[in-house]
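Data block below; observations after.
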Amino acid sequence: MTKFVAAVSLLALAATGCSRVSEHRDPRCEPDSPTVLIAESVQTASLIPCVRSLPAGWGYGLFQATDHDARFRIETAAGPAAGVDVELVASCPPPTEAASPDPTEPGTTVEKAVEQDTPYRATWSYRFEGGCVVYRIALAGEVRAADLIDDLERGLSFIHRARLSSLLERQGAPAISEPPVHAS
Amino acid sequence: MAESAEERQPAGSPTLTDVAEEGALEPLPLIRRRRPSGEPGPAPGRLGRVGLAWLIVGALIVLAWIGFVLRGGVPAWLEHVDAAIGRQIVRSRPDWLTTTARVIALLGSVGVIMAVRWSTIGALAFFHRGRHLVTYIVTILGLRLAVVALLPAVGRPRPAVAPYLYGWEGYSHPSAPVAMFAFAVAGSAYALAPRGRWRTLAIGIGAALTVLLALARVYLGVDHVTDVVFAGLIGWAVAVIAFALFCPEDVFPVIYRKGRAAHLEIDDRRKKVMREALEEQTGLELLSVEPFGEEGSGGSTPLKLRVRRIDGHREDTLFAKLYSATHLRADRWYKLARTILYGALEDEAAFNSVRQLVEHEDYMLRLFNEAGVSSVQPRGLVELEPEREYLIMMTMLEGAEEADQDAPVDEEVIDSGLRNIRSMWDHGLAHRDIKPANVLIHEKQVSLIDVAFGQIRPSAWRQAVDLANMMLVLALPSDPDRVYARAVELFPPDEIGEAFAAARGPAVPRQLRQKLEENDRDLIARFVELAPEREPIAIQRWSLRRIGLAVRTGVELAAVGVLLAINLVNLHAP
């Protein structure tokens, strides 16, 4: 009986743990752990990439953050054939002539380099104060690319560092670090 | 307060005056005191005070983690405590201290942890400490899996510090570098350092380095205080508990001396346990104990005991064999290997417990005596630790010598040896380990000892092998023609022919094979010439079980190898 209870308890804990793991790997545009960790990975970035909504049938894949960059992936539930790799870094190569201001985010330039129309492959680069986000998009051939691109543009978003910090403070959670000053 | 012998004697049981007090010791021990149900056994528990303390620490940490996972993160009050401490620490970070901290933080790097880990693994493999090696590796894998699973489950971001003065990856709780480093050094201390001042030194150095690493990582802003505290404590606790439970010091001591792993150290603690157990269970006072005859023994720890009845005067010398879990496992591996290599050679099922092992040997000794085989006399067994450690006792053949090439062997001795085989054949017994170390000659009488491998109702093949081995042992110090001439007086020539058709490969014990190889004469060939011709009897027995066992073992080893490669040689994370 004791062994049975212990086994069931462990299974329940494992199941709970699994659900927490997914929470802590899905960078939503909320003051949650994954978003905070992304913010900490590039301390100079004024904008933090996040996911406001996912296209239908899509889910989260890889999530990784280090002290100098962060990356995550969203992909179709069917497998990694179609997906978007999102990477936040401190700086990107200088913009080309194709770059233009982002009307939705003042102070941000966007550059969309389409490598292939069908299946759609492109690299979108967003440059802003203290950082740069690169979206590498690869869609499957049979998908209606135009509709999907609209969904991605609506769903992939940013949260301002200052707003994130303010939301965390309101929750009573530790604030994220401000961009570093020169150490004494 | 010491009791007298009479006070200790339970009511109704035979008193010492009821037996021939000054006569020879009885074949069965008297039970002076029946241990009541539920009372703990004679030897202390495995964990000890230190182990128990670490078990409590580990349990508390696990409970805390369960709480963190269920609530989705570290509680707010803990965050505030960590933030407050962190702010104080990073308020002033001079360059020289930062440089020092970065150097110290390298202790938690993949390279350093791998170096400590693989050095330990290499050393354990070199010194043939299989059990410590398996414990070390399995615990590393378990701890690593637990940490990898916990990091995203707790999901704690890094401290809110700017700038970070060292690299990091992923969530911060528990601190993976600190946990893996703590285990690497603690595990090394318990697996490699002998108990005593060496281990204390190793533990002290390991603990100091772990604390320094923890402090450095907090100073550099990459971990919270609780991240490193939890990690350091759990890494250390896992090491202490794992080695205490699976490699208890009294059974698997870390010692560096010549001798076989099977020979347990008879230290003061073990002597005390023996003394108390002998007194309680046999009414004997232990006067002295020393290792004896270790060269020829590999499956137990052979001892010479000097004893005296509690209230008697006569002293006796007994031969004893100390059996523990070590020997049980060795027996299992030995039989598994033989089954895979040669097929099941009949009655080679492994024992399930140490108790079964000693019960079997005691029983076989009594059977051999009843069958008229010249051997030592049983004197019962004593429980040192329930189900884990036992002492089997028997008479000592004083002045006897091994039947090696220098032994005085004449026809009388040859006849004595062969008559033992005849008695075994006539009573359906087999010894199965007839070699010079187990054949003793005393006053022209041949005695067989070490009947642990003995078998009842053996097959004709097994009986034939016993005969061949005895003839070879007797031929070493004499000559095969003489031995054969005496053998045909007791055995039909055809059966002698069968014996040497069977005497091949693993049927001949290793010590005997070595002696035969060292001998200038090809004794087996000569016996084959003398005896009627028989086709050699194949030793390899193929069966579905053997094939299945070999395939299963191979697959398991391959799976373990792959797991090890993936987890122990991961250059991206410790």
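The values are calculated or read from the model by the stated rules, or taken from the named source; none is laboratory data. Since the model is a prediction, treat every value here as computed from it, not as a measurement. Here the Cβ is made from the backbone with ideal geometry for all residues, glycine too, and neighbour counts use every protein chain on show. Remember, those area values only see protein heavy atoms, side chains included, never the ligands or the DNA or RNA. Shrake-Rupley method; radii C 1.70, N 1.55, O 1.52, S 1.80 Å.
Yes or no, residue by residue, for (1) open to solvent by less than 60 Å² (accessible area, probe 1.4 Å); (2) over 21 Å from A:R52 (Cα atoms); (3) at pLDDT 90 or above; (4) among the acidic types (D, E):
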site: A:P95; (1), (2), (3), (4): no, yes, no, no
site: A:W124; (1), (2), (3), (4): yes, no, yes, no
site: A:G131; (1), (2), (3), (4): yes, no, yes, no
site: A:V143; (1), (2), (3), (4): yes, yes, no, no
site: A:D151; (1), (2), (3), (4): yes, no, no, yes
site: A:A173; (1), (2), (3), (4): yes, yes, no, no
site: A:V181; (1), (2), (3), (4): no, yes, no, no
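With the checklist (1) more than 29 Å from B:H360 (Cβ to Cβ); (2) more than 36 Å from the chain's Cα centre (by Cα); (3) surrounded by 20 or more Cβ atoms within 10 Å (Cβ to Cβ) in hand, flag the one item B:D494 doesn't pass.
Failed condition: (3).
Across region B:369-396, what is the number of residues that are within 30 Å of B:D479 (Cα to Cα), in a loop (DSSP other than H, G, I, E, B) and free of Cβ contacts under 8 Å to residues at least 60 places away in the same chain?
Qualifying residue count, region B:369-396: 2.
Residue check, B:A403 against (1) over 21 Å from B:F292 (Cβ atoms); (2) at pLDDT below 90; (3) open to solvent by less than 40 Å² (accessible area, probe 1.4 Å), all met but one. Which one?
(1)
I'd like the full set of residues that are of a type in the set (V, I, T) and either in a loop (DSSP other than H, G, I, E, B) or open to solvent by less than 50 Å² (accessible area, probe 1.4 Å) (or both), limited to region B:114-141.
B:V116, B:T120, B:I121, B:T135, B:I137, B:T139, B:I140 - these are the residues of region B:114-141 that are of a type in the set (V, I, T) and either in a loop (DSSP other than H, G, I, E, B) or open to solvent by less than 50 Å² (accessible area, probe 1.4 Å) (or both).
Out of B:W96, B:W118, B:W168, which single residue is aromatic (F, W, Y) and either under 16 Å from B:I234 (Cα atoms) or without any contact (Cβ under 8 Å) to a residue 12 or more places away in the chain (or both)?
The unique qualifying residue is B:W96.
Taking region B:145-180 only, how many residues are farther than 20 Å from A:P27 by Cβ, in a helix (DSSP H, G or I) and open to solvent by less than 10 Å² (accessible area, probe 1.4 Å)?
Count: 4.
For residues that are within 11 Å of chain A (Cβ to nearest Cβ) and more than 22 Å from A:R71 (Cβ to Cβ), tally how many sit in region B:162-197.
Number of matching residues: 1.
Spot the failing condition for B:S288; the list is (1) farther than 21 Å from B:E361 by Cβ; (2) at pLDDT 90 or above; (3) open to solvent by less than 20 Å² (accessible area, probe 1.4 Å), and only one is missed.
(3)
B:V254 is checked against (1) modelled with pLDDT of 80 or more; (2) crowded, with 16+ Cβ neighbours inside 10 Å; (3) not in a loop (DSSP other than H, G, I, E, B) and fails just one. What number does that condition carry?
Looking at each condition in turn, B:V254 falls short on (3).
Could you check region B:442-462 and list, in sequence order, the residues that are surrounded by 23 or more Cβ atoms within 10 Å (Cβ to Cβ) and part of a strand (DSSP E or B)?
B:V446, B:L448
Could you go through region B:212-229 and let me know if any residue there is in contact (Cβ under 8 Å) with a residue 60 or more places away in the chain, at the interface with chain A (Cβ under 8 Å from one of its Cβ atoms) and in a loop (DSSP other than H, G, I, E, B).
yes
Tell me the helices (runs of 4 or more DSSP H) entirely within region B:485-574 that contain at least 3 residues that are modelled with pLDDT of 90 or more.
The qualifying helices (runs of 4 or more DSSP H) are B:493-502, B:510-518, B:523-530.
Within region B:497-519, work out how many residues are closer than 22 Å to B:D415 by Cα and open to solvent by 60 Å² or more (accessible area, probe 1.4 Å).
0
Determine which member of the set B:V81, B:V116 is within 13 Å of chain A (Cβ to nearest Cβ), on the phi < 0 side of the Ramachandran plot and among the β-branched types (V, I, T).
B:V81
Any idea how many residues of region A:51-78 are of a type outside the set (S, T, N, Q) and within 14 Å of another protein chain (Cβ to nearest Cβ)?
Looking only at that region, the number is 11.
Looking at region A:105-122 only, could you name the residues that are open to solvent by 60 Å² or more (accessible area, probe 1.4 Å) and either touching an Asp or Glu at 6+ places or on another chain (Cβ under 9 Å) or at positive phi (or both)?
Answer for region A:105-122, where residues must be open to solvent by 60 Å² or more (accessible area, probe 1.4 Å) and either touching an Asp or Glu at 6+ places or on another chain (Cβ under 9 Å) or at positive phi (or both): A:G107, A:R121.
Scan region B:338-352 and tell me whether some residue there is among the charged types (D, E, K, R) and either buried (at least 20 other Cβ atoms within 10 Å of the Cβ) or at pLDDT 90 or above (or both).
No, the conditions are met nowhere in region B:338-352.
Only one residue in A:A39, A:A45, A:A81 is away from chain B (no Cβ under 14 Å) and outside any strand (DSSP E or B), so which one is that?
Going through A:A39, A:A45, A:A81 in turn, just one is away from chain B (no Cβ under 14 Å) and outside any strand (DSSP E or B): A:A81.
Surrounded by fewer than 23 Cβ atoms within 10 Å (Cβ to Cβ) and either of a type outside the set (S, T, Y) or in contact (Cβ under 8 Å) with a residue 12 or more places away in the chain (or both), is that true of B:P480?
In short, no.
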